[in-house]
Amino acid sequence: MKGTAARMGVMKRVSLVFKAKANRALDKMEDPRETLDYSYQRQLELLTKVRRGVADVATSRKRVELQMNQLNQQANKLQDQARKALSVGREDLAREALGRKASAQSQLDELQTQYAQLQAEEEKLTLASQRLQAKVDAFRTRKETIKATYTAAEAQTRINEAFSGISEEMGDVGMAIQRAEDKTAQMQARAGAIDELMASGALDDAVGGHRDDIQSELDMMSASSDVERELAKLKGELTAGAPKELEGAAPNGDGQGAQGYQAPQQSQQQQGPYAPPPPPQYTPSQQPEPPQQAEPPQQQAQPAGLPVSDLPGLADEPQDGDRS
Amino acid sequence: MIVRILGGGQFRVDDAAAAELNQLDAALETAVEHGDQAAFTDALTRLLAQVRAHGSPLPPDILESSDLILPHEDSSMDEVRKLLTDEGLIPG
């Protein structure tokens, strides 16, 4: 190479380090042809190891995938809870649920990054294993040729060539396995921590313990603004949704106020646990409105606050149904 | 000449590309010596791009050792230093 001895560049120096390693291994061998068999054994071992590495990374990836599904479910559940809490006027509860959802979401984002890393690692290692397999096959062929054709003395150069060619690949693959193992170990530790948090229900406190104070402060701020935004959105949905549902109920009440009023109660009695049907418009704050909608013909001028029992033409049942 | 990218296989690179590679490589070496992260990342990224642009992948069943070996893209400076000093980064 042209570079001076002092500065030959990183690439050349690394290649010399690899070659020195191969030469040291070669020097240990008494009979050059022994080298071939010994090296071949090591190659097969390495192949097994790299395949196991691929499987380990895949296992880790699947575990992360599973956790992502669980966190997703949790986030959806919390979203539902927030909606429910808000519909019963418990904004504090809704806020709490959305806060937890934000934590779950941030865990989910981290897992997504990990998942992508593991996937990339798996791909790289799979390719490395295929390259090594091809080299090992080539080495085996060369090994048989050398053994059959040359005497020990003659074989030396050829053995050296084959050996340094394969040993560079083995060094490379060996490092790749090491890297993959390190990454997998890190992620397994994190995955274990998340499992524990999910089991203990403390996930909301778990927003990235490894980050610095400022970062977590910033995260909290952004998480709380996320909460506000979601709250506003939910409120919007709720107010936008209410009138539509009222309109939908109107045809039902046409001239048959009694039926309209009894329906919720009946369905509760008949279907037991299936409680939700009474739509949101029956919440206390909006109670005065339904009578107007339900009995348009009889009570166009009916003031909202007037007791239902005073209305002409209305049976007693609606009153009971409404108040009991 | 043959260039290996660690974790990425070997490439046959035309000798004509050597001058440019050597220049980038010198920058990489200086960056490692001075602990200059930005220059390190820049030089390494460009070196890898050059090798991939000018080189053709060597079939995997060819048993030849490489003239030059390049660290992989997400190597840290620390890893590269260890590679240079033969401090056991290469197993076996």
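Just so you know, all these numbers are worked out from the coordinates, no wet-lab data involved. Owing to the predicted nature of the structure, the values given are computational and were not obtained by experimental measurement. Quick reminder, even Gly has a Cβ in these numbers, built from the backbone with ideal geometry, and neighbours come from all protein chains shown.
If each residue of separation counts as 0.36 nm, what is the full-extension length gain between A:R140 and A:E196 once their alpha-carbon separation is subtracted?
Going from the current span to full extension adds 15.3 nm.
Please work out the FRET efficiency for the pair A:R7 and A:L231, using the Cβ-Cβ distance as r and a Förster radius of 51 Å; give the result to the nearest 0.05. List each step's numbers first, then the result.
On the way: r = 63 Å, r/R0 = 1.23.
It comes out at approximately 0.25.
Please report the net charge: other residues with Cβ closer than 14 Å to the Cβ of A:A58, K and R +1, D and E -1.
Details: positive: A:R51, A:R52, A:R61, A:K62, A:R63, A:K124, A:K183; negative: A:D56, A:E65, A:E121, A:E122, A:E123, A:E181.
Result for the neighbourhood of A:A58: +1.
Say R0 is 41 Å: what FRET efficiency, to the nearest 0.05, do A:Q156 and B:D78 get from their beta-carbon distance?
The computed FRET efficiency comes out at 0.60.
Roughly how many Å is it from the Cα centre of the stretch B:1-51 to that of the stretch A:89-165, as a whole number?
Measuring centre to centre over Cα atoms gives 23 Å.
So if I place +1 on the C-beta of Lys and Arg and -1 on the C-beta of Asp and Glu, and nothing else carries charge, what would the dipole magnitude of chain B be about its Cα centre? I want it in debye, nearest 20. Don't skip to the answer; put the middle values down first.
Values: 6 positive and 17 negative charges, 42 e Å.
Magnitude of the dipole: close to 200 debye.
Using each residue's phi in the stretch A:176-188, evaluate 6.51 cos²θ - 1.76 cosθ + 1.60 at θ = phi - 60° and report the 3J(HN,Hα) Karplus result to the nearest Hz, with x for Gly and Pro.
Karplus values, whole Hz, x for Gly and Pro: 4, 5, 4, 4, 4, 4, 4, 4, 4, 4, 4, 6, 5.
Go through the stretch A:1-90 and name the GluC sites (Glu not before Pro) that are in a DSSP coil and have 14 or fewer other Cβ atoms within 10 Å of their Cβ.
Answer by residue number: A:E30.
Determine the shielding of peptide A:159-171 by partner chains: average, over its residues, the number of Cβ atoms on other chains within 10 angstrom of each Cβ. Don't skip to the end; give the middle numbers.
Details: counts 0, 1, 3, 3, 2, 4, 7, 2, 3, 10, 7, 3, 7.
Mean inter-chain Cβ contacts per residue within 10 Å come to 4.
What are the residues whose amide H is under 5 Å from the amide H of B:I69, where those residues sit 5 or more places off or on another chain and H is modelled from the backbone?
The answer is A:K12, A:V14, A:S15, B:R4.
Just need the relative contact order of chain B here, percent rounded to a whole number, with Cα pairs under 8 Å and 6+ apart.
Working: 103 pairs, mean separation 35.9, N = 92.
Relative contact order, chain B: 39 percent.
Would you order A:M198, A:M175 from fewest to most other beta-carbon atoms within 10 Å of each residue's own beta-carbon?
Going from least to most buried by this count: A:M198, A:M175.
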